[in-house]
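Peer 1: Sharing a structure, written as structure tokens. Questions coming.
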Amino acid sequence: MPAKEFSLRVPASCRPGDEHKTQRAFSESVEEYVEGIFRLQKEVDRVSTGEIAVYMCVSAGSATSMVKKLAELGLVEHAPYQGIRLTEFGEKVAKQLTRAHRILERFLVDNLELPWNDVHELACKLEHYISEDIIDRIDEKLGFPKTCPHGNPIDADMVDPSIRLQDAKAGKLRMVRISDERVEFLQHLEELGLKPGVEFEAVGSSQIDSLIYLNINGKPTTVGKQVSRHVWVVPA
């Protein structure tokens with residue numbers, strides 16, 4: 001039987017084994033490390049390979065190898081015994097990724113109605129395969145939101161007046177943002193009644209075990225160091 005004639009062909013970007021499926025300058029792995037170091041810098045300023053390994057859930061050897069690669073690409077500066085820091089170029093890449101990630105989270109929650117506490121991982125995947133011009137169009141369609149569903153600013157350079165709950169004085173507070181976006185942590189906060197925008201009262205604290213006593217919607221609640229470190233507030 002003669003073969004049927006047809007003209008259908010798979011698009012170039014979908015062909016198996018094609019090494020140029022996207023126009024991204026860097027691999028997904030490289031981008032994840034850059035974004036991770038950017039987050040860590042806000043915690044510890046100059047980051048160690050050990051801290052990168054813990055954050056990325058990889059071995060110290062894998063983290064060291066990637067840091068060397070990032071340095072070769074001009075994304076980080078690495079001086080022995082002085083830690084690791086993103087270069088100006090590396091920070092630019094990290095801020096673009098952070099913006100894409102947070103716009104995508106907002107789209108997934110506001111338009112697709114996915115749970116606010118379970119979109120971080122999906123946004124992490126999508127951010128590497130959607131071009132910046134498409135992110136711009138999504139941002140416009142959303143009405144240029146200022147924050148992601150977890151309260152973090154979409155513009156990484158935006159001035160943020162919030163402080164960690166652990167550093168706040170007792171009194172009326174308003175929750176602004178959350179710096180730990182793991183689904184289990186966000187679910188825990190939701191169970192406590194803590195979400196961005198919620199007002200509550202910090203009643204007092206225990207210096208011995210770092211506990212903080214709160215009153216959330218009339219309900220006495222005690223939180224530990226993990227919550228007080230990653231929940232950011234302003235006076236209400």
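The values are calculated or read from the model by the stated rules, or taken from the named source; none is laboratory data. The structure presented is a predicted model; accordingly, all values stated were derived computationally and were not measured. Heads up, the Cβs are rebuilt from the backbone with ideal geometry, glycines too, and the neighbour counts pull from every protein chain shown. Ligands, DNA and RNA are excluded from the accessible area calculation, which covers all protein heavy atoms including side chains. Shrake-Rupley method; radii C 1.70, N 1.55, O 1.52, S 1.80 Å.
Peer 1: Give His78, His101 a once-over and let me know the one that is open to solvent by less than 70 Å² (accessible area, probe 1.4 Å) and either assigned to a loop (DSSP other than H, G, I, E, B) or not small (Gly, Ala, Ser) (or both). Lay out the reasoning, then the answer.
Peer 2: On the way: His78 fails: open to solvent by less than 70 Å² (accessible area, probe 1.4 Å).
Just a single option satisfies the conditions, and that option is His101.
Peer 1: Hey, among Leu192, Leu112, Leu173, Leu211, which residue is farther than 28 Å from Leu40 by Cβ, over 19 Å from the mean Cα position of the chain (by Cα) and either open to solvent by 60 Å² or more (accessible area, probe 1.4 Å) or hydrophobic (A, V, I, L, M, F, W, C) (or both)?
Peer 2: Working: Leu192 fails: farther than 28 Å from Leu40 by Cβ; Leu173 fails: farther than 28 Å from Leu40 by Cβ; Leu211 fails: farther than 28 Å from Leu40 by Cβ.
Only one candidate qualifies: Leu112.
Peer 1: Same structure, new question: Filter the stretch 1-52 down to the residues that are more than 30 Å from Arg85 (Cα to Cα) and of a type in the set (A, V, I, L, M, F, W, C), then identify the one that is modelled with the highest pLDDT.
Peer 2: Step by step, filter the stretch 1-52, then rank; the result is Leu8.
Peer 1: Of everything in the stretch 183-234, what is more than 20 Å from Asp160 (Cα to Cα) and of a type in the set (D, E, K, R)? Give them in sequence order. Walk me through how you get there before you give the answer.
Peer 2: Narrowing the stretch 183-234 to residues more than 20 Å from Asp160 (Cα to Cα): 183-193, 201-226.
Matches in the stretch 183-234: Glu184, Glu190, Glu191, Glu201, Asp209, Lys219, Lys225.
Peer 1: Go through (1) within 25 Å of Gly151 (Cα to Cα); (2) open to solvent by 60 Å² or more (accessible area, probe 1.4 Å) and name the single condition Lys68 misses.
Peer 2: (1)
Peer 1: If you don't mind, there's one more thing I want to ask. Just need a number here: residues in the stretch 164-207 that are in contact with a Ser or Thr (Cβ under 7 Å, 6 or more places away or on another chain) and of a type in the set (Lys, Arg).
Peer 2: 2
Peer 1: Looking at the structure I just gave you, is Leu75 among the aliphatic types (A, V, I, L, M) and either under 13 Å from Cys148 (Cα atoms) or within 12 Å of the chain's Cα centre (by Cα) (or both)? Explain how you work it out, then say what you get.
Peer 2: Details: among the aliphatic types (A, V, I, L, M): yes; either under 13 Å from Cys148 (Cα atoms) or within 12 Å of the chain's Cα centre (by Cα) (or both): no.
No; evaluated as a whole, the condition is false for this residue.
Peer 1: Between residues in the stretch 176-200 that are more than 18 Å from Asn152 (Cβ to Cβ) and residues that are part of a helix (DSSP H, G or I) and open to solvent by 50 Å² or more (accessible area, probe 1.4 Å), which pairs lie under 8 Å by C-beta distance while being six or more apart or on different chains?
Peer 2: Nothing qualifies.
Peer 1: Is there a residue being among the aliphatic types (A, V, I, L, M) and part of a helix (DSSP H, G or I) anywhere in the stretch 159-173?
Peer 2: So the first thing to find is which residues in the stretch 159-173 are among the aliphatic types (A, V, I, L, M), and the list is 159, 163, 165, 168, 170, 173.
Subsequent filtering for residues that are part of a helix (DSSP H, G or I) retains 165.
So far as the stretch 159-173 goes, yes, one or more of its residues are among the aliphatic types (A, V, I, L, M) and part of a helix (DSSP H, G or I).
Peer 1: Identify all residues within the stretch 81-98 that are surrounded by fewer than 16 Cβ atoms within 10 Å (Cβ to Cβ) and within 19 Å of Arg182 (Cα to Cα); write none if there are none.
Peer 2: none
Peer 1: Sticking with this structure for a sec: Please verify whether the stretch 129-138 includes one or more residues that are closer than 23 Å to Leu40 by Cβ, modelled with pLDDT of 95 or more and either of a type in the set (Val, Ile, Thr) or surrounded by 13 or more Cβ atoms within 10 Å (Cβ to Cβ) (or both).
Peer 2: First pass over the stretch 129-138, keeping only residues closer than 23 Å to Leu40 by Cβ: none.
There is no residue in the stretch 129-138 that is closer than 23 Å to Leu40 by Cβ, modelled with pLDDT of 95 or more and either of a type in the set (Val, Ile, Thr) or surrounded by 13 or more Cβ atoms within 10 Å (Cβ to Cβ) (or both).
Peer 1: Across the stretch 176-189, which residue is nearest to Glu121 (Cα to Cα) among those that are assigned to a helix (DSSP H, G or I) and open to solvent by 20 Å² or more (accessible area, probe 1.4 Å)? Full working, then the answer.
Peer 2: From the stretch 176-189, those assigned to a helix (DSSP H, G or I) are 183-189; that's our starting set.
If we keep only those that are open to solvent by 20 Å² or more (accessible area, probe 1.4 Å) as well, we get 183-184, 187-188.
Details: Val183: 8, Glu184: 12, Gln187: 14, His188: 17 Å.
Looking at residues that are assigned to a helix (DSSP H, G or I) and open to solvent by 20 Å² or more (accessible area, probe 1.4 Å), I get Val183.
Peer 1: Among the numbered conditions (1) within 17 Å of the chain's Cα centre (by Cα); (2) surrounded by fewer than 16 Cβ atoms within 10 Å (Cβ to Cβ), tell me where Ala60 comes up short.
Peer 2: Only one criterion in (1) within 17 Å of the chain's Cα centre (by Cα); (2) surrounded by fewer than 16 Cβ atoms within 10 Å (Cβ to Cβ) is unmet by Ala60, namely (1).
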